[in-house]
Amino acid sequence: MDVIEVLPGLRMLLLPVGAAYLWSDGRELTLVDSGPVGFEDQVAGLVESVPGGELARIVLTHWHEDHTGGAAHLAARFGGVPVVAHRLEAPVIRGEEVGAPPVLEEFERPIRASVPELPPAPPCRVDVEVVDGDVLPFGGGARVVGAPGHTDGSLALHLPGPDLLFTGDAVANVGQTMLGVFNTDRARAIASLHRLAGLGAANAVFGHGAPLVGDAAEGLKAASAAFR
């Protein structure tokens with residue numbers, strides 16, 4: 001798997017479907033999304049690639065299997081580290097509820113058909129349930145930004161210090177910066193895109209697609225302008 005050094009302290013593990021991100025505060029590490037089932041060793045290798053690093057938490061942007069598939073295994077592998085997710089996603093991640101399927105636009109149907117089926121994510125405990133406005137203790141204070149629409153409890157993370165935005169699947173950057181696909185509520189997803197664009201972050205990383213370093217604000221603004 002390819003590992004990309006996005007910013008000082010931020011590494012991206014590019015997976016066949018999606019990506020996992022590792023933020024380093026010196027030796028304290030935060031994993032954002034865990035990748036699908038079958039790639040736990042590669043994600044663990046990313047964590048273990050930081051000399052002396054210790055995983056402090058796993059943050060899940062939403063319940064989809066390409067983001068949560070490895071979470072239960074990795075949390076156990078690294079000593080039972082806490083798993084963080086939005087309170088609306090937590091019951092699905094725990095296996096207590098079934099997540100709502102996407103409402104596909106016509107243009108999304110062939111895209112969906114081309115995406116390989118992934119194994120379902122094993123149930124995973126959620127130790128810390130967050131909501132919009134909460135602040136997580138990494139990156140100088142990572143603010144939780146509710147970004148519903150892709151799923152009910154999708155979240156983004158905004159780190160003001162490094163001017164960095166983790167968008168999850170609310171936004172994608174595949175060829176161009178765009179609204180994420182396969183949403184449960186397109187209107188809410190568009191509203192979330194506008195909100196994330198309004199943060200003006202210089203740097204952004206996505207659930208799917210290449211990072212934007214230095215010019216993310218322009219890309220997000222252009223993507224949101226398509227829905228004025």
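The values are calculated or read from the model by the stated rules, or taken from the named source; none is laboratory data. Everything quoted here is computed from the prediction, not taken from an experiment. Positions of Cβ are generated from backbone atoms using ideal geometry, with glycine treated the same way; all protein chains shown enter the neighbour counts. Side chains are part of the model used for accessible areas, which takes the heavy atoms of the whole protein and leaves out ligands, DNA and RNA. Shrake-Rupley method; radii C 1.70, N 1.55, O 1.52, S 1.80 Å.
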- In region 82-95, anything under 13 Å from Ala121 (Cβ atoms) and out of contact with any Phe, Trp or Tyr (no Cβ under 9 Å at 6 or more places or on another chain) is listed as Val83, Arg94, Gly95
- What are the residues in region 123-181 that are more than 20 Å from Leu14 (Cβ to Cβ) and of a type in the set (S, T, N, Q), if any? Thr151, Ser154
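Here is a yes/no grid of residues against (1) touching a residue at least 24 places away in the same chain (Cβ under 8 Å); (2) basic (Lys, Arg); (3) assigned to a loop (DSSP other than H, G, I, E, B):
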{"position": "Pro51", "(1), (2), (3)": "no, no, yes"}
{"position": "His67", "(1), (2), (3)": "yes, no, no"}
{"position": "Leu74", "(1), (2), (3)": "yes, no, no"}
{"position": "Ala100", "(1), (2), (3)": "yes, no, yes"}
- Message: Quick check on region 31-62: of everything there that is β-branched (Val, Ile, Thr) and surrounded by 24 or more Cβ atoms within 10 Å (Cβ to Cβ), which residue is farthest from His73 (Cα to Cα)?
- Response: Thr61
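Given the structure, is Ala75 buried (at least 18 other Cβ atoms within 10 Å of the Cβ) and touching a helix residue (DSSP H, G or I) at 6+ places or on another chain (Cβ under 9 Å)?
Details: buried (at least 18 other Cβ atoms within 10 Å of the Cβ): yes; touching a helix residue (DSSP H, G or I) at 6+ places or on another chain (Cβ under 9 Å): no.
The answer is no for Ala75.
Yes/no matrix, rows are residues, columns are (1) of a type in the set (Phe, Trp, Tyr); (2) open to solvent by less than 70 Å² (accessible area, probe 1.4 Å):
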| site | (1), (2) |
| --- | --- |
| Phe107 | yes, no |
| Glu129 | no, no |
| Gly149 | no, yes |
| His158 | no, yes |
| Phe166 | yes, yes |
- Any residue at all in region 121-141 that is within 17 Å of the chain's Cα centre (by Cα), touching a residue at least 24 places away in the same chain (Cβ under 8 Å) and farther than 28 Å from Glu28 by Cα? no
- Query: Is there a residue being under 29 Å from Leu199 (Cβ atoms), surrounded by 15 or more Cβ atoms within 10 Å (Cβ to Cβ) and out of contact with any strand residue (DSSP E or B) (no Cβ under 8 Å at 6 or more places or on another chain) anywhere in region 114-124?
  - Reply: yes
- Task: Test each condition in (1) within 21 Å of Leu164 (Cα to Cα); (2) among the small types (Gly, Ala, Ser); (3) without any contact (Cβ under 8 Å) to a residue 24 or more places away in the chain for Gly80 and report the one that comes out false.
- Result: (1)
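Which of the residues spanning region 184-193 are farther than 24 Å from Gly161 by Cβ and free of Cβ contacts under 8 Å to residues at least 60 places away in the same chain?
Ala187, Arg188, Ala189, Ile190, Ala191
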